[in-house]
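**Q** My questions will all concern the structure given below.
No lab work stands behind these numbers, since they all come straight from the coordinates. These figures come from a predicted structure and were not determined experimentally. Please note: Cβ atoms are built from the backbone with ideal geometry, for glycine as well, and neighbour counts cover all protein chains shown.
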Amino acid sequence: MSETPIPPPLTGDDLTADSAPVAYEVANGVAYVTLNRPEYRNAQNSVMTYSLDAAFVRAVDDAAVKVIVLRANGKHFSAGHDIGTPERDFHVRYPNTASLYWDHTDRSGGDQRLAREIEVYVGMCRRWREIPKPVIAQVHGACIAGGLMLAWICDFIVASDDAFFSDPVARMGIPGVEYFAHAFVLGPRRAKELLFTGKRFTAAQAADWGMVNHVVPRDDLQSTVDGIAAEIAEMPQLGLALCKKAVNICEDQMGLRNAMNSVFGWHHFAHSANAEADGDSLGGMDARSMKASAGGGA
Ligand code: ZN
């Protein structure tokens, strides 16, 4: 099976509404990595995932970059994984980058799902969490399901007051998205309520609960993030890398990594149980029905 080349990240000058899945630019020691499928609310297909990875590699390799900002073009940060746009590309082979595992495209059933999700979901998210430079999530609008995964792998989140969050995949019979950090970033009881109901929560609530660091008016979002990034950029690069590693080690000592490994097994049991029951690993839900069940509007 042939491999599909990954489009390179764009420069700021190239950025138009639908030009490529990720845009990349550097200013004042800050790399801005911008999700760029606004017509699909930045739903993450594989080419977006690999473009994101290419952008992060470029930012890590550029010694002049001290801080990375992950943000989004369009009305929303991300509606989650692509489960229904015309450019959904789960069947396309990309060279595995995050995992040493076989490619999923010539496998079937649970073997295929596991191979793909080890690479593009859990593998990529863990790889990005370990980026040795501070990564700030700049979130506005919807940040749903797989969108949470992108925000959570960042070191902290700055959100506009119109941002909202949810993980509604219990509707698919699935215990949360693949990168299962819920109990750690929300606290166990709020995580349960939010998983049980699938309800949206606001940026203000997320800040109250410690998931989001700052909530600001939408018009102030970029300048707030720029200001924080500029302060961080004054610090020595190695110091930043080691501080990040220190806190990540603590989270792992608190059980994040082991919990995620274990829950990932239940996640795949859910996909397989769905597939066994009705032939659809997503429990008969698609992007439209998920949106409708969440109350629409996103
Ligand atoms: Zn999954």
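**Q** Between Gln44 and residues 5 or more places away or on another chain, which pairs have amide H atoms under 5 Å apart, with H built 1.01 Å from N, and which residues are they?
**A** Distant-sequence amide H within range of Gln44: Gly80, His81, Asp82.
**Q** Under 10 Å, Cα contacts only: if you run a Gaussian network model on the chain, which one of Val22, Val67, Val57 comes out with the highest mean-square fluctuation?
**A** For the chain, modelled as a Gaussian network with Cα springs under 10 Å, the answer is Val57.
**Q** Oh, and also: Under 5 Å between amide hydrogens, which residues at least 5 positions from Phe156 or on another chain qualify, with H placed 1.01 Å from N in the peptide plane?
**A** Long-range HN contacts for Phe156: Val135, Ala137.
**Q** So which residue, out of Gly29, Gly187, Gly198, gets the largest mean-square fluctuation from a GNM of the chain using Cα contacts under 10 Å as springs?
**A** For the chain, modelled as a Gaussian network with Cα springs under 10 Å, the answer is Gly187.
**Q** Sticking with this one: Using Cβ contacts closer than 10 Å as the measure, can you line up His76, His271 from fewest to most?
**A** On the way: His76 24, His271 21.
Ranking His76, His271 by Cβ neighbours within 10 Å, fewest first, gives His271, His76.
**Q** Setting aside same-chain residues fewer than 8 positions from Lys66, which aspartates and glutamates have a Cα under 16 Å from its Cα?
**A** In chain and number order, the partners are Glu25, Glu130, Asp155, Asp226, Glu231, Glu234.
**Q** Counting only Cα, what are the radius of gyration and maximum Cα-Cα distance Dmax of region 118-253, in Å?
**A** Rg and Dmax of region 118-253, Cα atoms, are 15.1, 46 Å.
**Q** GNM on the chain, C-alpha springs below 10 Å: top fluctuator among Asn45, Asn261, Asn36?
**A** Comparing Asn45, Asn261, Asn36 in the GNM, the peak value goes to Asn261.
**Q** Quick one: if the Förster radius is 45 Å, what FRET efficiency do Phe90 and Glu234 give, using the C-beta to C-beta distance and rounding to 0.05?
**A** Details: r = 43 Å, r/R0 = 0.94.
Calculated value: 0.60.
**Q** Further question on the same structure: Rounded, prolate or oblate: which one fits the chain, using the alpha carbon gyration tensor with axes a ≥ b ≥ c (rounded when a/c is under 1.5, else prolate when a/b beats b/c, else oblate)? Write down the numbers at each step before the final one.
**A** Details: a/c = 1.41, a/b = 1.26, b/c = 1.12.
The shape class here is rounded.
**Q** Which FRET efficiency value, to the nearest 0.05, is calculated for Ser99 and Glu130 with the Förster distance at 22 angstrom and r the Cβ-Cβ distance? Working shown, then result.
**A** Values: r = 14 Å, r/R0 = 0.61.
Efficiency for this residue pair is about 0.95.
**Q** Going through region 186-234, which trypsin sites (Lys or Arg not before Pro) have at most 15 other Cβ atoms within 10 Å and a DSSP loop state? Please list the in-between numbers first.
**A** Details: sites: Arg189, Arg190, Lys192, Lys199, Arg200, Arg218; in loops: Lys199, Arg200.
Here the sparse-neighbourhood loop sites are Lys199.
**Q** Under a straight-distance cross-link criterion of Cα-Cα below 17 Å, which lysines are reachable from Lys192, leaving out those fewer than 8 residues away in the same chain?
**A** Partners found: none.
**Q** Same structure again: For Arg107 and Ala259, calculate 0.36 nm times their separation in residues minus their Cα-Cα distance, and state this gained length in nm to one decimal. Walk me through the intermediate numbers first.
**A** On the way: separation 152, 0.36 × 152 = 54.72 nm, distance 2.71 nm.
Difference between extended and current length: 52.0 nm.
**Q** Going by C-beta contacts inside 10 Å, put Phe184, Phe201 in order with the fewest on the left. Show your work: numbers first, answer last.
**A** Details: Phe184 17, Phe201 21.
Neighbour counts put them in this order, fewest first: Phe184, Phe201.
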